[in-house]
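The values are calculated or read from the model by the stated rules, or taken from the named source; none is laboratory data. The model shown is predicted, which means the values in this text are computed figures rather than measured ones. Cβ: placed from backbone, ideal geometry, glycine included. Neighbour counts: every protein chain shown.
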Amino acid sequence: MDQIIFIVILFITTAALLYSFWKIKSNFDKTKSTAFDGQIGKRTKLTFQVAFGQSKILRKPLVGLMHALVFWGFMVITIGSLEIIIDGISGSHRIFGTWGIVYDVISASGDLFAFIVLFGIIAFLFRRLVMHINRFKGIELGKKNKTDANIALTFIMLLMLSLIGLNVYEVVLMGDKTIGTYPVSGLLVNWASPVHAAGLYHFFWWMHILLIFVFANYLPYSKHFHVFMSLPNVFFSNLKPLTQLPLMPEVKKEVDLMMSDNPYADSTEPASSRFGVKDVEDITWKNYMDALTCTQCGRCTEVCPANITGKLLSPRKIFVDIRQRMDEKAGINKEDAKALVGDYITPEELWACTSCNACAQECPLNISHPNLIMDMRRYLVLEEGQAPEELNAMFANIENNGAPWKYSPEDRLKWTEG
Amino acid sequence: MADLKAKGHQPEYLFWVGCAGAFDKRYQKVTRAFAQILNKANIDYAVLGTEETCTGDPAKRAGNEMLFQMQAMQVIETFNTYQVQKIICTCPHCFNIIKNEYPELGGHYEVMHYSSFLQHLIDSGRIKIKKDAFVNKKITFHDPCYLGRGNGIYEAPRKVINAFDVDYTELKRAKSFSLCCGAGGAQMFKEAEKGNKEVFEERTEDVLASGADIVATACPFCMTMLSDGIKYKNKEDSLVNMDLAELIEQNMDT
C-alpha cells in the first residue's frame, strides 16, 4: 500500500516539476540564440573550480566556507535522497546498503554533513533575521524576496532535521543490524524513544521525502532555483576577458554597407531586429539563465562603485527585474505597453555603470552584468537616441576631430613639446 | 610612422599614445616620460602622430556601436597601411579594445600594456634605475579595472614599483578586489548620476587610509580621478599621484 501511495505522489511531483520546466523552457524560447563556442574541456575545468570547488564564493572566506560546506553536504545527501526514492518505489529498506564499505562512507559523511548543514542553515537564518547585513537589503528586495529566502532556508532546515531523525531511528530500530554508519546521530540514540521507534522512523522517512518533493516544486518559483541552475550556468560562463564587450554583428553589416562602393546593394534585405536590449525578447538565452541562477546574494551590488556611492544602480536588480518581467510577459502572452528598459530598469541606473566589472568578478556563479547593461545602453543610443547630453557631445567630438574632447587632430604631437 | 615609412624603415613597435596621452595636460607628461624611457632603452618604435585617432572605446561603452566600428575600421586601416604588428599602449582602455575587440573586426596584433613592457625592460636590464630613489617612501598602487580585472594584469605594475627599494603597501581593496576610480564606461565624459558621494572620493579614501606617500597609477583616467580626489581632500602636501612611467623615468641611471 505504501508503495502505491509513494508512486502516485512521485508521479504527481514529477508531472508538476515537468510543467514548471516546460514553462521555463517556453520563456527561453523567447530569448535570442547565440552560437556556442565549444571549449568543453575548459568549461568542464571551470565548472569543477567555480561550482564544485566553490572558488568564487570563498572570496569571502568565512561565509564562503559555510556555503561550501552546505553545498558539499547536499552533494553527499542527494545520494541518500535517490536511495529513498528507489526504496519508496520498490519497498526495499536502504537498498544501497549492499554496497558495504562504500555505503558506510556515504552514510557516515551524509550523517556528519546533515549536522553541518543544519548549523550552517541556522547561521544563515540568524544572519538574515537578526544581523543587519547590508547586502541583504536593496530596492529590488521587497518583502516577497525576503520571505522567499527564509522559506528556502526553513525547508532545508526541516530537511536536515528529518534526515537526522531518520538516522537516529535507524540505529534505535535496527540496533546491531543497522545498515550504514551514523557517527553523529548515533550519539543521540539515548535520547530517542525506543517504544515508538518504528512509527517515528516511518514518520521521519515520509517527512523527509515529502519535503524534498514539495521543495523541488517550490524551487522553480523561487530565487533558490539556483540549486538547479548553478552548475549549467557556470559551465556556460563567458570565457572571454571580463572587459571584452562583444561586437554587434548587425551593426557591422550596416557599417560594411556604408563603406562599400554600392551602399544600396543590399537594401532589399529585411531590416534587422532591434539594436540592443529593450525588453526580455532581446536578451540572450544566457542572460535569462543568469537571471534564473541569481540567488540575490548581493555580492555584486556590494562591490559596485556606483551603488557604494549611493547611486540608483544595483547590478543584482538587473537580473531580479529580468525574471519578474519574463514572468509578467508569460502571464499576458501578448504585447503590452511596458518594457524592461524604462518600466523596470531606468536610464539613470544604466548610465551609472562604470563597466569596472567588479560585479561580474564577484558573482559566485559567473553571472555577467556589465555586458548586459551595455546592451541596454546600446538600445537607448542606437534606437532612441537617448544618451546624456555630454555623451552626445563626446560622440560629436569623436566624429569631427577623432578624440572624445574638442582638440584638433593637428595637435596630437603637442606632448612632445613640453 | 609616416616619416620612417618614407625612409623605408619598419619600426618594431608602434607606441599608441591615445587621446588622453596626446591632449590631457597632466597625462602628456606621462607620454613624454614613457617616450624618454623608450629612447633611452634604444627601442625601435614610432608613433602615428596626427594620423592617430580615437579607438572608439568611449563611444562603444556609451552604447554607440556604430561610431565605435567606424573608428575601429579607420584605425585598423591605418595599422595595415604601416604593417603594424606590435603595439604598446599606455591607456588600459585603448589596450583592452585593440587587444580584445579589434580581432572581431579583422585587426590582429600583438598588443602590450606599457606596464608589462616596463617590467620586461627592467628584467632584461635594458634600463637601469636608481634603486634607492624612494627609500623611506611608502608607495601604493591603484589597479585600473581594464588592466587588472579586465585582462588579468596584476603583477607587472607591482614588479615595476618593487624594482625600487620601497616600502610597498597594498590598498584595502586591491587586485581583483580593487575599487574603480569612477571614470570607466564613458563616465569620464559625463557628470555622475545622483548619489551621496563621488566614486573618486571613495577610492581616494582607500589611498589615504593606506598611509602612502605616493599612489602609483597606470591609466590616464585613474590619474585624473585620483589627482582630483587628492585635491578635493586637500592632501596635495602629503600624497602625490605618479604614473609608473614617471617613477622610472625620473630615476633612471644613465
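Here B:Glu249, B:Glu191 are screened, and the one residue that is among the acidic types (Asp, Glu), closer than 21 Å to B:Arg26 by Cβ, in contact (Cβ under 8 Å) with a residue 12 or more places away in the chain and within 13 Å of chain A (Cβ to nearest Cβ) is B:Glu249.
Taking the criterion of being free of Cβ contacts under 8 Å to residues at least 60 places away in the same chain and not β-branched (Val, Ile, Thr), the residues of region A:343-358 that qualify are A:Asp343, A:Tyr344, A:Pro347, A:Glu348, A:Glu349, A:Leu350, A:Trp351, A:Ala352, A:Cys353, A:Cys356, A:Ala358. Taking every residue in region B:73-84 that is assigned by TED's automatic domain parsing to the domain that holds B:His108 and pairing it with any residue that is of a type in the set (Asp, Glu) and not in a helix (DSSP H, G or I), at least 6 positions away or on another chain, the pairs with Cβ-Cβ distances below 9 Å are B:Val75/B:Glu52; B:Thr78/B:Glu52.
Against the list (1) touching a residue at least 12 places away in the same chain (Cβ under 8 Å); (2) within 30 Å of the chain's Cα centre (by Cα), the condition A:Trp206 fails is (1). Remark: A:Thr44 matches the filter, which requires a residue to be surrounded by fewer than 16 Cβ atoms within 10 Å (Cβ to Cβ), of a type in the set (Ser, Thr, Tyr), within 22 Å of A:Ser237 (Cβ to Cβ) and under 19 Å from the mean Cα position of the chain (by Cα). Do the conditions hold for B:Cys145, that is, is it closer than 20 Å to A:Lys311 by Cβ, in contact with a Gly (Cβ under 9 Å, 6 or more places away or on another chain) and crowded, with 21+ Cβ neighbours inside 10 Å? Against the criterion (closer than 20 Å to A:Lys311 by Cβ, in contact with a Gly (Cβ under 9 Å, 6 or more places away or on another chain) and crowded, with 21+ Cβ neighbours inside 10 Å), B:Cys145 qualifies. Any idea which residue in region B:8-38 is surrounded by the most Cβ atoms within 10 Å (Cβ to Cβ), counting only those that are among the aliphatic types (A, V, I, L, M), more than 7 Å from every other protein chain (Cβ to nearest Cβ) and part of a helix (DSSP H, G or I)? The residue in question is B:Val30. Of all the listed residues (A:Phe36, A:Phe71, A:Phe11), the sole one being surrounded by fewer than 17 Cβ atoms within 10 Å (Cβ to Cβ) and at pLDDT 95 or above is A:Phe11.
Scanning region A:379-401 for residues that are surrounded by fewer than 21 Cβ atoms within 10 Å (Cβ to Cβ) and not in a helix (DSSP H, G or I), we see that the one that is nearest to the other protein chains (Cβ to nearest Cβ) is A:Pro388. For region A:185-202, a residue qualifies if it is assigned to a helix (DSSP H, G or I), polar (S, T, N, Q) and loosely packed, with under 12 Cβ neighbours inside 10 Å, and exactly one does: A:Asn190. Per the conditions (1) touching a residue at least 40 places away in the same chain (Cβ under 8 Å); (2) within 23 Å of A:His226 (Cα to Cα); (3) part of a helix (DSSP H, G or I), the sole criterion not satisfied by A:Glu328 is (1).
In region A:303-325, the residue that is farthest from the other protein chains (Cβ to nearest Cβ) out of those that are charged (D, E, K, R) and farther than 15 Å from B:Phe200 by Cβ is A:Arg323.
Comparison of A:Thr78, A:Thr47, A:Thr34 shows that the only residue that is hydroxyl-bearing (Ser, Thr, Tyr) and in contact with a Ser or Thr (Cβ under 6 Å, 6 or more places away or on another chain) is A:Thr34. The set of residues in region A:234-260 that are at the interface with another protein chain (Cβ under 7 Å from one of its Cβ atoms), of a type in the set (A, V, I, L, M) and touching a residue at least 12 places away in the same chain (Cβ under 8 Å) comprises A:Leu242, A:Leu245, A:Met248, A:Val251. Within the bounds of region A:145-159, is there any residue that is more than 21 Å from A:Phe225 (Cα to Cα) and either touching a helix residue (DSSP H, G or I) at 6+ places or on another chain (Cβ under 6 Å) or modelled with pLDDT of 95 or more (or both)? Scanning region A:145-159 turns up no residue that is more than 21 Å from A:Phe225 (Cα to Cα) and either touching a helix residue (DSSP H, G or I) at 6+ places or on another chain (Cβ under 6 Å) or modelled with pLDDT of 95 or more (or both).
Restricting B:Val207, B:Val166 to those that are touching a residue at least 60 places away in the same chain (Cβ under 8 Å), β-branched (Val, Ile, Thr) and more than 7 Å from chain A (Cβ to nearest Cβ) reduces the list to B:Val207.
Would you tally the residues in region B:43-90 being basic (Lys, Arg) and at the interface with chain A (Cβ under 8 Å from one of its Cβ atoms)? Residues meeting the conditions: 2. Among the residues that make up region B:39-47, is at least one of them in a helix (DSSP H, G or I) and under 23 Å from B:Gln10 (Cβ atoms)? Yes, some residue in region B:39-47 is in a helix (DSSP H, G or I) and under 23 Å from B:Gln10 (Cβ atoms).
Among the candidates B:Tyr154, B:Tyr168, the residue that is of a type in the set (Phe, Trp, Tyr) and more than 19 Å from the chain's Cα centre (by Cα) is uniquely B:Tyr168. Only a single criterion out of (1) crowded, with 24+ Cβ neighbours inside 10 Å; (2) out of contact with any strand residue (DSSP E or B) (no Cβ under 8 Å at 6 or more places or on another chain); (3) in contact (Cβ under 8 Å) with a residue 24 or more places away in the chain; (4) closer than 26 Å to A:Tyr407 by Cβ is not satisfied by B:Tyr102, namely (1). Scanning region B:169-182 for residues that are crowded, with 19+ Cβ neighbours inside 10 Å and more than 7 Å from chain A (Cβ to nearest Cβ) yields B:Leu171, B:Ala174, B:Ser178, B:Cys181.
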